[in-house]
1. Name the single residue that is least open to solvent (accessible area, probe 1.4 Å) among those in region 259-282 being in a helix (DSSP H, G or I) and within 25 Å of residue 234 (Cβ to Cβ).
2. Does region 242-251 contain any residue that is surrounded by fewer than 16 Cβ atoms within 10 Å (Cβ to Cβ), hydroxyl-bearing (Ser, Thr, Tyr) and within 23 Å of residue 133 (Cα to Cα)?
3. Just to be sure I understand, how many residues within region 7-30 are open to solvent by 50 Å² or more (accessible area, probe 1.4 Å) and either under 19 Å from residue 73 (Cβ atoms) or touching a strand residue (DSSP E or B) at 6+ places or on another chain (Cβ under 8 Å) (or both)?
4. Considering only region 148-165, state which residues are in contact with a helix residue (DSSP H, G or I) (Cβ under 9 Å, 6 or more places away or on another chain), over 22 Å from residue 43 (Cα atoms) and charged (D, E, K, R).
5. Does residue 157 satisfy the criteria of being at positive phi and either surrounded by fewer than 19 Cβ atoms within 10 Å (Cβ to Cβ) or over 16 Å from the mean Cα position of the chain (by Cα) (or both)?
6. Answer yes or no as to whether residue 218 is closer than 23 Å to residue 195 by Cα, part of a helix (DSSP H, G or I) and of a type in the set (S, T, N, Q).
7. Hey, among the residues in region 116-140 that are exposed (fewer than 15 other Cβ atoms within 10 Å of the Cβ) and under 22 Å from the mean Cα position of the chain (by Cα), which one's modelled with the highest pLDDT?
8. Could we say that residue 108 is aliphatic (A, V, I, L, M), in contact with a His (Cβ under 9 Å, 6 or more places away or on another chain) and without any contact (Cβ under 8 Å) to a residue 60 or more places away in the chain here?
Amino acid sequence: MKPYWSGIFPAITTQMRKDGSLDLDATAKHVEALIESGVTGMIFLGSLGENQALNPVEKRRVIEAMVEVVNDRIPVLSGVAESSTSEAIRYVQDCEKLGLSGFMLMPAMLYKGDEREIITHFRAVARGTGLPIMIYNNPISYANDITPEMFAQLADAKNFVALKESSGNTRRITDLHNTVGDRYAIFTGVDDLALESAIVGIDGWVAGSGIAFPEENQYFWELTRKGDWDKAREIYRWFTPLLHLDVHTKFVQYIKLAVQEAGLGSEWVRPPRLPLAGDERKQILQIIRRGIETRPQIPKRKKAR
């Protein structure tokens, strides 16, 4: 069965000004660069998009503006990271009216639910919208682990069409294939496990660090689709120090700094996050600048007419 979604769905940052206010024009410029690189979908207001640092009005402003910018060229998803089931339902219903293509649904924030509570939350949100949903499993960051057996229980809800596996354990991907077959499109959400995940079989990648290097990110992905593992491995070895930026507590600051260095945006974040400073900033800049200096030569992409 052909998956509902596949390919690169970057989790884009929410661009901000130095004072922390939204910079929707800068976000739109980054959107255009990503679309031009060949991505097949885009996710706004995920963890990298600082979802939980925005107020409800701001979230809806971002979605309304970005739906207009993308203009049906690719699917547009929003992260759903509310602390209560009722707020999550309200959010998906509001965003459906704004023209979104679907959602990336996290467990309820700030609470470690048991299996019954997690499944009940997901089902309730799914009933609140007719749009397709990617379920986001990230037990490292959000304490709730959605196991392959739980995905099997949720399989009867038709608008659950994809899952983002970010447990950091690539064995999970094979376990998912063995437990749920081709019921869901399987995406990896861990940048520095992208090659390993591709080898065992995924349909897509919710890319983080790659938003600063969209052309290389897309080229690497396409090599994995062709099974050109030698070239993919070569690109991956260059890319890996940059992909490691995605798996640190300060991944938002790290990736926004990479986006700035690549000329695709700025580093400004919303408190309680602060821009990097001191030795940490120097260390991360060294990694980013080394990546830029040594970026591989890749074939020019043919522009769509």
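1. Start the filter on region 259-282 by keeping residues that are in a helix (DSSP H, G or I), which leaves 259-261, 278-282.
Still in the running and within 25 Å of residue 234 (Cβ to Cβ): 259, 261.
Numbers: 259: 0, 261: 58 Å².
Out of the qualifying residues, it is 259.
2. no
3. Going through region 7-30 one residue at a time, the tally reaches 2.
4. 149
5. no
6. yes
7. Only one residue fits best here, namely 130.
8. Numbers: aliphatic (A, V, I, L, M): yes; in contact with a His (Cβ under 9 Å, 6 or more places away or on another chain): yes; without any contact (Cβ under 8 Å) to a residue 60 or more places away in the chain: yes.
Considered against the rule, which asks whether it is aliphatic (A, V, I, L, M), in contact with a His (Cβ under 9 Å, 6 or more places away or on another chain) and without any contact (Cβ under 8 Å) to a residue 60 or more places away in the chain, residue 108 comes out as yes.
The values are calculated or read from the model by the stated rules, or taken from the named source; none is laboratory data. Every value quoted in this text rests on a predicted model; they were computed, and no experiment measured them. Ideal geometry is used to build each Cβ from the backbone, glycine not excepted, and the neighbour counts take in all protein chains shown. When the accessible area is computed, the model is the full protein with side chains, heavy atoms only, and any ligands, DNA or RNA have been set aside. Shrake-Rupley method; radii C 1.70, N 1.55, O 1.52, S 1.80 Å.
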